[in-house]
Amino acid sequence: MSRTFRRRGERHEYRWVLREHEWIGGRLIAVQIDGGSTAGRKAIARFHSDAHFTLRSSAPRWYRRIFDHRLNLGNAKELRRWLRDPGYDPVFQARHRHTANWHWW
């Protein structure tokens, strides 16, 4: 089933897509973009493209790589500490493939 067929008849809320934030007088102000303008059409096109992040998408690859690296280093540190002192009770952090995604959102 194609993506176009799945989205047929779907209505979209563009209010948050057409919102842009600008610094005005030292404050961050939300400014609404016109949907018919060039910038508005670009924002809507980016929303409908696969390059747009949503809450259903996963964390960026760079974040997952850093998160997994820290987890692996921590577990290796626990293992080395247990090898030096067999009386030490190591506590390993279990890895799950969605852990970085849950932490990101």
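The values are calculated or read from the model by the stated rules, or taken from the named source; none is laboratory data. No experiment lies behind these values; they were computed from the predicted model shown. Don't worry about glycine lacking a Cβ; one is built from the backbone with ideal geometry, like all the others, and counts go over all protein chains shown.
Some points to look at:
- Selection within region 63-105 - outside any loop (DSSP other than H, G, I, E, B), within 25 Å of the chain's Cα centre (by Cα) and among the basic types (Lys, Arg): Arg64, Arg65, Arg70
- Residue-level analysis places His21 outside the set of residues that are loosely packed, with under 12 Cβ neighbours inside 10 Å, part of a helix (DSSP H, G or I) and at pLDDT 80 or above.
- Of the residues examined, Leu83 is one that is on the phi < 0 side of the Ramachandran plot, modelled with pLDDT of 90 or more and outside the structural domain of His21 (by TED's automatic domain parsing).
- Any pair with Cβ under 7 angstrom, 6 or more apart, that starts in region 70-81 at a residue that is free of Cβ contacts under 8 Å to residues at least 40 places away in the same chain and farther than 13 Å from Ala94 by Cα and ends at one that is loosely packed, with under 12 Cβ neighbours inside 10 Å and not aliphatic (A, V, I, L, M): Arg81/Tyr88
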